[in-house]
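One structure is given below, encoded as structure tokens.
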Amino acid sequence: MKSVRLFQSAVSLVAAGLLAFAAPAFAGDEEKTAETLVKVLKAGRAVVSEHQELINDAGKGDKGFTPDYFEKKWAEKYKEATKSDLPKSEPVATLVELGKTVVGEAQPLINKQGMGFKGFLPALWGRKAGEKFTQKTGIRLKQTAEQYRFAGNKPDEFEAEVLKQFADPGYPKGKEVVKTVSMGGAQVVRYMAPEYAAKSCLACHGEPKGEKDITGMKKEGYKEGGLAGAISVVVPVK
Ligand code: HEC
């Protein structure tokens with residue numbers, strides 16, 4: 001806890017998303033940190049996903065989808081997926097706090113009566129939580145794809161290269177890429193986990209490519225089981 005606070009005060013995050021500051025002082029292995037953050041983010045997105053019908057219920061005002069309710073479901077989901085408890089240590093604790101903040105900020109939208117589809121989607125929640133987390137900790141946590149929808153999700157050079165590898169039919173399915181590189185003059189561990197399109201993704205990301213989905217954006221033409229993007233984490237090395 002103390003080391004994280006020290007670290008935060010030392011952080012300066014360059015607007016372009018480049019990490020150009022002294023390394024953090026949290027204990028533990030960077031790869032493990034990245035791996036855990038991806039699992040935590042995925043569990044949070046799954047909770048938003050499982051509550052889409054409730055969130056988009058036009059007939060209901062107060063949905064009870066509060067930050068505390070969300071946290072409870074998030075911990076349950078994480079346990080279900082990993083068989084372990086949601087870590088209370090940093091930097092996960094910060095991600096949980098900020099993920100709840102995103103749900104808190106969306107309360108007026110979520111509780112709006114008479115409105116169906118609200119655009120409060122798993123990927124939107126994940127992006128906002130990731131953005132806040134990156135700002136606060138200096139650890140980049142980002143969803144990305146070659147055909148990105150949101151400008152901030154645009155892959156950088158490294159990410160674009162790894163996305164190409166992930167898309168190769170010969171690439172081992174689900175295998176993460178982990179690399180220690182120099183970024184903005186600092187040593188960082190870069191971690192990327194591929195994401196594949198489930199049936200539930202295709203209404204928005206499926207075929208026919210170019211057709212508008214419910215959000216008004218163009219479908220990417222992904223196929224079930226095919227690559228849908230990646231979660232990218234950049235952890236500064238001590
Ligand atoms: C209701 C429509 C909808 C569904 C269903 C949906 N997405 Fe998305 N997805 C979006 C939107 C909108 C964004 C842009 C979010 C943002 O603002 O960053 C997005 C963003 C993403 C991104 C980040 C890269 C980008 O395009 O900016 C990934 C990766 C992604 N979605 C994967 C998935 C996967 C995997 C599924 C199924 C498990 C899924 N999506 C289901 C609408 C959807």
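The values are calculated or read from the model by the stated rules, or taken from the named source; none is laboratory data. Not measured: the values here are computed from a predicted model. All Cβ positions, even for glycine, are placed from backbone atoms using ideal geometry, and neighbour counts span all protein chains on display. To get the accessible areas, we keep the full protein, side chains included, count just its heavy atoms, and leave off ligands, DNA and RNA. Shrake-Rupley method; radii C 1.70, N 1.55, O 1.52, S 1.80 Å.
What FRET efficiency comes out for Glu211 versus Met115 if R0 is 30 angstrom and r is the Cβ-Cβ distance? Round to the nearest 0.05.
0.80
Once you've got the Cα coordinates, tell me which of Lys100/Lys238; Lys83/Lys219; Lys32/Lys219; Lys60/Lys173; Lys132/Lys179; Lys118/Lys223 are over 32 Å apart.
In this structure, Lys83/Lys219; Lys32/Lys219; Lys60/Lys173 lie more than 32 Å apart at Cα.
If you count only protein heavy atoms with a 1.4 Å probe, what accessible area per residue comes out for segment 2-236, rounded to a whole Å²?
With the other protein chains kept in place, segment 2-236 gives 50 Å² per residue.
Could you compute Rg(Cα) / (2.2 N^0.38 Å) for the chain, with N its residue count?
Normalised by 2.2 N^0.38 Å, the Cα Rg of the chain equals 1.02.
What nm value, rounded to one decimal, do you get for the distance between Ala160 and Ser200 when each label is placed 7 Å out toward the C-beta?
3.2
Would you please give the FRET efficiency between Tyr148 and Asp62, computed as 1/(1 + (r/R0)^6) with r the Cβ-Cβ distance and R0 = 35 Å, to the nearest 0.05?
0.55
Taking the Cα centre as origin and putting +1 on Lys and Arg beta-carbons and -1 on Asp and Glu beta-carbons, what dipole magnitude results for the chain, to the nearest 20 debye?
Computed about the Cα centre, the dipole is about 280 debye.
If I compute solvent accessible area with a 1.4 Å probe over the protein chains, what percent of it on segment 84-238 is carbon and sulfur?
53
Using a 1.4 Å probe on the protein heavy atoms only, what accessible surface does Glu161 show? Give it in Å² to the nearest 10.
Around 100 Å² of this residue is reachable by solvent.
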